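*Asks:* Dumping the structure here so I can ask a few things about it.
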Amino acid sequence: MSASKADMERIDQSRRRFLISGSTIAGSFVLGVSPIRMARADVEAGTEGERQLGFFIEIQPDGNVVIGSNQPEIGQGVRTALPMLVAEELDVEWSRVSVRQMPLGIIKTADGYAWKYGGQGVGGSTGLTENWNFMREVGATARQQLIRAAAARLNVPASSCHTKPGYVVCESPAGEIRYEELIADAARLDLPDMSPVLKDRRDYRIIGTRLKTVDARDIVTGKAKYGIDTREADMRYAVIARSPYLNGRVRSFDDSEARKVDGVLDVFKIEGPQPRDPYVILASGVAVVANSTWAAIKGREALKVDWDPGPNASDDSETFWQQNAEMLKSKGQVVTDDGDFDRAMSEAETTIERQYTLPFVSHQPMEPQNCYAHVEEDRCHIIAPTQMPSGASRAAAAVTGLPRENIRIDITRVGGGFGRRLTNDYVAEAALISMETGWPIKLQWTREDDVQNDFYRPAGLHEIRAGLDDKGKITAWTQRLASASKYFRRPDMPDENLWEAELYPDDFPRNFVENFRLEYFHNAIGVPRGSWRAPGHNVNAFVIQSFLDELAYETGQDPLQLRIDLLGEERELEYGGHGGPTFNPGRLTRLIKFVADRIDYKEKRPEGRGVGLATHFTFGGYAAHAFEVTVSNEGQLVIERIVAAIDCGLAVHPNAVEAQLQGATVDGISTALGQEITVKNGQVQQSNFHDYPLARIANIPSLFEAHILPYDNTPTGVGEIGYPPAAPALTNAIFAASGVRLRRLPIGEQLRQAMAG
Amino acid sequence: MISFTVNNQAASFDGDTNTPLLWVLRDHLQLTGTKFGCGAGLCGACTVHIDGRAMTSCRMRVSSVAGKNVTTIEGLAAADGELHPVQKAWLEIDVPQCGYCQAGQIMATTDFLNKFPKPTDEDIDNNLSGMICRCGTYPRIRKAIHRAAEITEAGE
């Protein structure tokens with residue numbers, strides 16, 4: 001389980017086909033087996049099904065429309081954006097729309113499982129893009145059926161009918177019929193053998209408009225339900241005391257005091273995975289089940305567990321960094337090698353070499369992990385806040401041995417994802433506990449559990465070396481990375497592929513520098529790792545965008561001009577990684593010029609004040625940041641002003657795009673300022689927000705502009721795009737203000753120390 | 001048995017009197033709008049009002065609210081359903097992303113605005129930095145606080 005890569009691949013493959021049987025047609029409906037299929041056999045007169053057009057659309061007698069959202073809402077806005085696509089093409093008033101969360105839909109096929117409601121899962125900023133055509137077609141197909149039903153009723157050709165919001169309008173004889181009066185007829189029509197015609201962009205009434213979050217009222221009144229709010233009949237509450245040692249095990253435990261805690265019902269051991277095996281759950285431990293959350297927590301406090309520290313007991317961050325530095329002195333795995341790097345370096349006028357250190361960081365969504373599970377003899381019910389419901393289904397199947405079609409996965413609103421909930425270890429834990437006890441249980445993690453048991457953003461030591469000619473043009477570039485690969489302990493993952501999660505060969509500045517090499521070294525420290533908002537990019541953008549500034553400084557060039565010269569005009573370059581197939585560097589040029597202009601980049605600033613820039617292409621989308629900061633003589637940093645800009649092609653739901661850009665920027669600041677997970681004696685040293693600090697409102701200036709620069713008619717992803725350039729723009733600004741170059745994150749006390757000394 | 005008032009209704013709890021108010025609200029009274037964030041008074045997600053004052057509930061023993069008035073997010077709007085100005089402002093500015101921390105943010109802000117009816121940005125920074133929003137909605141929170149102050153003043 002746990003392989004979010006496998007999940008992503010599954011999504012990549014499956015989303016493009018609305019596969020239910022063996023036959024697939026890319027990007028269009030398969031007659032009779034599409035998610036919009038009318039399923040007449042399922043429709044009984046006088047039932048709710050009669051008012052449904054396929055799985056996604058229900059038109060109520062009063063004309064209100066309920067639209068199903070098949071994706072988990074983790075704060076990125078899909079529960080608004082995807083129904084917007086359906087409503088646009090269905091042609092209804094947005095004010096009449098309400099949204100219903102759909103569960104996981106999978107169907108057993110001859111050779112495995114297929115999606116019932118289209119691919120489900122949110123990661124890699126694909127929630128909107130992978131559903132862009134699909135959801136519009138869902139709406140357009142339904143609209144087409146309503147038109148046909150109206151035409152049949154009025155006995156006119158369908159071609160003489162069109163729609164206005166909520167009505168089919170026919171001519172000669174003139175007449176208009178409300179959707180709600182047509183729905184039962186429309187639901188009984190066969191689907192025509194053609195894809196529906198989609199609206200022209202000029203006719204959009206909903207897409208691209210500034211709509212509000214559909215659940216906002218429930219949220220501000222406390223009614224919105226998250227996983228943690230689940231309460232089912234006869235439910236018990238569980239927590240787990242997990243090994244504080246990476247790969248440690250329970251040697252023995254004494255539960256005599258724990259069982260005396262009022263409300264504690266059961267205590268038992270949970271077996272963890274073998275070291276180096278793929279994770280189903282993260283750790284060995286002892287489960288405590290009680291009749292309330294607090295009783296379970298108190299019971300856990302009263303446990304005495306004798307831990308076998310296991311094979312990673314000597315893992316230590318200091319050693320980790322020494323090992324990385326040592327590795328960089330040798331030759332690693334060369335994974336990309338364009339031109340003749342060594343020769344270009346030897347012929348270069350100037351050579352520059354720098355190292356950058358990026359720590360392990362933790363996800364820390366505000367809603368701690370939790371999961372409801374009820375395992376019965378022949379079935380299982382899971383209610384989980386998850387980004388990857390199919391992974392939840394696989395996790396529960398792995399634990400229970402039940403066939404996946406007998407496992408129901410309900411998706412709640414999710415209190416933050418950031419990549420943490422691509423992995424469903426907490427679902428597997430909950431299923432284990434329910435299976436052991438036979439009770440429906442809700443597993444609750446505490447914040448400490450969450451900080452100390454995570455799939456952390458990989459840490460690494462990056463070395464960049466570049467050669468420049470006498471005109472300051474970069475002729476050679478290498479990035480050499482020693483890191484703890486995210487792909488460590490993934491199923492069927494050969495060692496020689498570990499680099500693929502850490503270095504993306506087609507990223508800038510490959511294809512901009514003739515002699516280009518990427519080299520990788522793996523560090524097998526026992527820290528679990530996983531996808532963290534903008535994986536790979538979240539560190540590489542810092543390294544590349546910092547180094548460009550250093551090159552500019554060392555060769556007397558302007559950091560903005562150097563980037564503009566390098567990136568150049570608009571053109572499509574091949575991009576083989578996620579977010580491809582092409583990358584248009586001119587879109588970055590436009591953004592960085594824009595943010596520089598907005599922040600008055602060229603204006604001279606007094607000493608102690610400076611501006612920094614950065615830009616990056618992430619998973620198909622483009623972003624740039626300009627930060628203005630002041631640094632006092634004592635090293636006190638104040639972020640004075642931020643200008644952020646995103647080019648996500650067509651912004652379907654601009655309100656959420658702006659929110660994501662703001663949030664990703666704050667996230668970039670938050671991680672850069674103070675976040676680091678360290679290990680000593682095989683144990684994670686941080687435990688809660690006092691030693692793993694998140695940005696507060698005081699860290700974020702009121703002068704903060706978030707701009708959306710429209711591009712074309714195709715939306716790109718949004719959630720991760722705004723993250724990567726934020727931190728390097730900040731540290732570049734710090735350098736401009738103070739002359740202190742920060743090559744290690746988090747910033748922590750480094751700036752104070754540098755200014756003092 | 002601990003007796004107190006929650007959202008103007010009588011409530012009682014006869015379990016372990018050391019149980020934090022948060023878990024009494026969530027598990028026993030089924031008022032799940034108040035959220036568990038850190039259990040250590042570090043993030044503010046569990047903020048409620050005790051006799052009108054914003055306080056975190058994750059470490060507050062239920063015994064300490066005996067005889068007191070507790071208001072949770074579910075009880076913030078008027079009895080007729082009219083939203084509190086802070087809730088109105090939150091909707092107008094469309095603050096939430098994941099939304100998980102927002103009940104706490106709103107409860108903290110309502111009390112803050114009682115003390116600072118026309119807050120400056122500095123007032124906000126100095127008084128609301130106990131709150132965490134992991135999604136980073138701070139720019140909109142700031143805007144919504146100012147807007148809530150306007151709504152309150154104008155009696156909208």
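*Asks:* With r as the distance between the Cβ atoms of A:ASP340 and B:ASN114 and R0 = 56 Å, compute the FRET efficiency 1/(1 + (r/R0)^6) and round to 0.05. Can you show the working numbers first?
*Replies:* Details: r = 70 Å, r/R0 = 1.25.
E(calc), rounded to 0.05, equals 0.20.
*Asks:* Moving to a separate point now. How about A:LYS164: which lysines have a C-alpha closer than 29 Å to its C-alpha, ignoring those fewer than 8 places off in the same chain?
*Replies:* Within reach: A:LYS199, A:LYS212.
*Asks:* Using Cα centres only, tell me the gap between the stretch A:501-548 and the stretch A:55-108 in whole Å.
*Replies:* If we compute the Cα centre of each part, the gap is 38 Å.
*Asks:* Please identify the helices of chain B, taking whole runs of DSSP H, that span at least 15 Å along their own axis as judged from the Cα atoms and have a mean Kyte-Doolittle score of -0.5 or higher.
*Replies:* Details: long enough: B:102-115 (20 Å, -0.22); B:138-154 (24 Å, -0.62).
Helices meeting the span and hydropathy rule in chain B are B:102-115.
*Asks:* Also, I was wondering about something else. Would you list which lysines come within 24 Å of A:LYS116, measuring only between C-alpha atoms, while excluding same-chain residues fewer than 8 positions from it?
*Replies:* Cross-link targets: A:LYS5, A:LYS108.
*Asks:* With runs of 4+ DSSP H residues as the only contributors, calculate the mean residue ellipticity of the protein assembly as shown at 222 nm using -39,500 (n - 2.57) per run, divided by the residue total and rounded to the nearest 500.
*Replies:* On the way: 22 runs with 255 residues, N = 913.
That comes out to -8500 deg cm²/dmol.
*Asks:* Under 23 Å Cα-Cα from A:LYS602, which lysines qualify once same-chain neighbours fewer than 8 residues away are excluded?
*Replies:* Within reach: A:LYS471, A:LYS473, A:LYS593.
*Asks:* Using alpha carbon centroids, what distance separates the stretch B:84-113 and the stretch A:640-667, in Å?
*Replies:* 21 Å
*Asks:* With the contact rule set at Cα under 8 Å and sequence spacing of 6 or more, what percent relative contact order holds for the stretch B:85-154?
*Replies:* Working: 56 pairs, mean separation 39.0, N = 70.
Reported relative contact order: 56 percent.
*Asks:* Sticking with this one: Roughly speaking, what is the centre-to-centre gap between the stretch A:173-208 and the stretch A:308-359 when only Cα atoms are used, to the nearest Å?
*Replies:* So the two Cα centres are separated by 58 Å.
*Asks:* Could you pull out every residue, at least 5 positions away or on a different chain, whose amide H is within less than 5 Å of the one on A:THR412? Hs are placed 1.01 Å off N in the peptide plane, and Pro or chain starts have none.
*Replies:* A:ALA384, A:THR386
*Asks:* Given a Förster distance of 51 Å, report the FRET efficiency between B:ASN126 and A:SER98 from their Cβ-Cβ distance, rounded to the nearest 0.05. Before the final figure, lay out the partial values.
*Replies:* On the way: r = 40 Å, r/R0 = 0.79.
Result of the calculation: an efficiency of 0.80.
*Asks:* Go ahead and run the numbers for FRET between A:ASN511 and A:ALA233, Cβ-Cβ distance against an R0 of 56 Å, rounding to 0.05. Let's see the in-between values first.
*Replies:* Details: r = 60 Å, r/R0 = 1.06.
Rounded to the nearest 0.05, the efficiency is 0.40.
*Asks:* Taking only C-alpha pairs under 8 Å that are 6+ residues apart, what is the relative contact order of chain A in percent?
*Replies:* Working: 1769 pairs, mean separation 99.5, N = 757.
Reported relative contact order: 13 percent.
*Asks:* Under the √(5λ) rule applied to the eigenvalues of the Cα gyration tensor, what semi-axes describe the equivalent ellipsoid of the stretch B:85-154? Give them in Å, descending.
*Replies:* Working: eigenvalues 58, 37, 19 Å².
Over the Cα atoms of the stretch B:85-154, the ellipsoid semi-axes are 17, 14, 10 Å.
*Asks:* Suppose the Debye formula is applied to equal point scatterers at every Cα of the stretch A:223-334; what is log10 I(q)/I(0) at q = 0.17, 0.23 Å⁻¹?
*Replies:* With no solvent term, the Cα-only Debye profile gives -0.88, -1.18.
*Asks:* Let me ask something else about it. Between A:ARG188 and A:ALA698, with labels modelled 7 Å along Cα→Cβ, what's the label distance in nm to one decimal, could you check?
*Replies:* 6.8 nm
*Asks:* Is the stretch A:521-588 best put as rounded, prolate or oblate by its Cα gyration tensor, with a ≥ b ≥ c the root eigenvalues, rounded for a/c under 1.5, and otherwise prolate when a/b is larger than b/c, oblate when not?
*Replies:* Working: a/c = 3.15, a/b = 1.38, b/c = 2.29.
Cα axes put the stretch A:521-588 in the oblate bin.
*Asks:* Quick query: amide H of A:TYR456 versus all other amide H atoms, modeled in the peptide plane; which residues come in under 5 Å with a sequence gap of 5 or more or a different chain?
*Replies:* Residues meeting the criterion, in which the H sits 1.01 Å from N, are A:ARG529, A:GLY530.
*Asks:* Ordered by residue, what ³J(HN,Hα) values in Hz, to whole numbers, does the stretch B:23-33 give under the Karplus form 6.51 cos²θ - 1.76 cosθ + 1.60, where θ = phi - 60° and Gly and Pro are x?
*Replies:* 6, 5, 4, 6, 7, 9, 9, 6, 9, 8, x
*Asks:* Same structure, new question: Simple spin-label model, 7 Å along Cα-to-Cβ: A:GLU176 to B:ALA10 in nm?
*Replies:* With each label placed 7 Å out from Cα toward Cβ, I get 5.7 nm.
*Asks:* Quick one, can you get me the convex hull of the C-alpha atoms of chain A expressed as volume per residue in Å³?
*Replies:* Working: hull volume 127.7 nm³, N = 757.
So the per-residue hull volume is 169 Å³.
*Asks:* Would you mind classifying chain B by shape? Square roots of the alpha carbon gyration tensor eigenvalues, ordered a ≥ b ≥ c; an a/c under 1.5 is rounded, otherwise it is prolate if a/b is larger than b/c and oblate if not. Don't skip to the end; give the middle numbers.
*Replies:* Working: a/c = 2.00, a/b = 1.59, b/c = 1.26.
In terms of gyration-tensor shape, prolate.
*Asks:* List the cysteines in chain A whose Cβ has no other cysteine Cβ under 4.7 Å from it.
*Replies:* A:CYS371, A:CYS380, A:CYS648
*Asks:* Mind putting together the pair-distance distribution for the stretch B:2-75? All Cα pairs, 10 Å bins, whole percent per bin, short to long.
*Replies:* Calculated P(r), rounded to whole percents: 23, 63, 15.
*Asks:* Taking H placed 1.01 Å from N in the peptide plane, check which residues at least 5 places from A:ILE57 or on another chain put their amide H under 5 Å from its amide H.
*Replies:* For A:ILE57, whose amide H was placed from the backbone, the distant partners under 5 Å are A:GLY68.
*Asks:* Let me ask you something else. Over the stretch A:108-181, calculate the relative contact order: mean separation of alpha carbon pairs under 8 Å at least 6 apart, over the residue count, as a percent.
*Replies:* Values: 50 pairs, mean separation 12.2, N = 74.
Normalised by residue count, the contact order of the stretch A:108-181 is 16 percent.
FYI, it's all coordinate maths here, none of it is from the lab. Treat the numbers as computed from the prediction; the structure is a model and nothing was measured. Because the Cβ atoms are built from the backbone with ideal geometry, glycine has one as well, and the counts that use them run over all protein chains shown.
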